[in-house]
1. Being at pLDDT 75 or above and of a type outside the set (Asp, Glu) is the filter here; which residues of region 332-344 pass it?
2. Read through the list (1) buried (at least 18 other Cβ atoms within 10 Å of the Cβ); (2) at pLDDT 70 or above; (3) more than 28 Å from ILE297 (Cβ to Cβ), then give the number of the only condition that PHE188 fails.
3. Any residue in region 24-40 that is at pLDDT below 70, on the phi < 0 side of the Ramachandran plot and in a helix (DSSP H, G or I)?
4. Please work out if GLU74 is of a type in the set (Asp, Glu), over 20 Å from ASP155 (Cα atoms), at pLDDT below 65 and not in a helix (DSSP H, G or I).
5. Among the residues in region 167-181, are any within 30 Å of LEU359 (Cα to Cα) and at pLDDT below 85?
6. Is one or more of the residues making up region 161-181 closer than 30 Å to ASN78 by Cα, assigned to a loop (DSSP other than H, G, I, E, B), touching a residue at least 24 places away in the same chain (Cβ under 8 Å) and in contact with a helix residue (DSSP H, G or I) (Cβ under 7 Å, 6 or more places away or on another chain)?
7. Of the conditions (1) at pLDDT below 85; (2) within 15 Å of ILE124 (Cα to Cα); (3) of a type outside the set (Gly, Ala, Ser), ILE95 satisfies every one except a single condition; which number is it?
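The values are calculated or read from the model by the stated rules, or taken from the named source; none is laboratory data. All values derive from a computational prediction rather than experimental measurement. Glycine also receives a Cβ, built like all others from the backbone with ideal geometry; neighbour counts cover every protein chain displayed.
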Amino acid sequence: MGYKEIAVTGFGWMTFLRIAGRGITIVKTVILARILTPLDFGQFGAAALGLSLFEVLTETGVNQALIYSDKKVEKLVNPAWTVAIVRGMIISILIALSARPVSMFFSDNNLIKLILLLALVPLIKGFINPMTVEFVKELQFEKEAIFRLSLLIIDGLTALISAVFLKSATAFAMAMIVAGAAEVILSFIYFKVRPRLSFSRKYLAEIMNYGKWVTLSGIGYWFSSELDDFVAGKAFGMKTLGIYQAAYKISTLPVTEISGSVNQVSFPVMSKLKDEKQKFWKIFTGSIGVIGGIGVIGGVILWMWPREVVLILLGNKWLEAVPLIRILAVFGVIRSVESGIQPVFLATGRPKVATMGNLIKVVTLILGLLFLTKFGINGIAWAAVVSGAAVVPYYLWELGRLGRSGA
């Protein structure tokens, strides 16, 4: 089977995963939105900010490095596992230490218990067998889809059961803990290769050299996508934060799902085709065409019928999200262009470009928040839109340079 056929088949499986997974997530959200309150969603969102921050601060880029490397996964699995375990422990400690400062920042003591529970997640997930990357690296998308879908089902069921009994934001944390433990167990069931602790300088250096730019890019991405949440929660409270985050997720839903499917296929395929230029660019143009088209269609739907979307997905108590969804629909369209371009730079060994792009977004977002927060939560949404738009010219310029260089 040629790479074009593999890409089409892989896209089919990843699309199936995204549709099925999004169906599970939507059902979970619809039910939870009626069991829990915007305050519960906001509290979890605030607590999860610390988890996501420390994850990107210690991101090693192990998975991306394993996919990009020409070596078999088995060659790098031991140092990759070692790095992941150490990283998980560090993140857990940092999250636990942040519990009280974060609760004080948001003036909500209920966040302490929630943050301490979330501290268990990276500790558990650090023990996942890195061999799971082989599904994507070797273009075994059917196995990847089944594996990920199993975890989504476990997460969804745990969240719903926990919400019924606990009726608090703790349900979200319990779902993440159980899903993380399930991923560790399944990763060892699926693969016969058993990783060992290893501190081989040669292989560690190979992983970390590629991963350093992924780390910096992740840090920039976190600030560009989460800084508005911090400001919203601090300035307007947990309930408003919950509404803002719900609007953000709905508005980026079309592009997030389709770009996730396409990029999960295009990145490993383009990595293998990086020396076959014609095929490489053909895969790229096809993937960005699909992502951009879906992004525009989704944006138009959300702009035209935001109230209907909110009533269907969340219910009456979330109607404050309607104006935010309309604003952030613009952001979703812009993001479709950005997310369609990024895999090119990763597949050609240029993660530095994504890092610089995220730096542009962070600087622009900070300036936008300084000038637009005075207009309320809608101003914060517009700051996110401006930030997303600012990076597109840079990515297009770098894409042009890449094409002219013959890469």
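1. Across region 332-344, the qualifying residues are GLY332, VAL333, ILE334, ARG335, SER336, VAL337, ILE341.
2. Unmet for PHE188, out of (1) buried (at least 18 other Cβ atoms within 10 Å of the Cβ); (2) at pLDDT 70 or above; (3) more than 28 Å from ILE297 (Cβ to Cβ): (1).
3. No; the residues of region 24-40 include none that is at pLDDT below 70, on the phi < 0 side of the Ramachandran plot and in a helix (DSSP H, G or I).
4. Spelling it out, it is not the case that GLU74 is of a type in the set (Asp, Glu), over 20 Å from ASP155 (Cα atoms), at pLDDT below 65 and not in a helix (DSSP H, G or I).
5. No, there is no match, as no residue in region 167-181 is within 30 Å of LEU359 (Cα to Cα) and at pLDDT below 85.
6. No.
7. (1)
Yes/no per residue for (1) in contact (Cβ under 8 Å) with a residue 40 or more places away in the chain; (2) farther than 14 Å from VAL391 by Cβ; (3) not hydrophobic (A, V, I, L, M, F, W, C):
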residue: GLY298; (1), (2), (3): yes, yes, yes
residue: MET304; (1), (2), (3): no, yes, no
residue: LEU313; (1), (2), (3): yes, yes, no
residue: VAL344; (1), (2), (3): yes, yes, no
residue: THR348; (1), (2), (3): yes, yes, yes
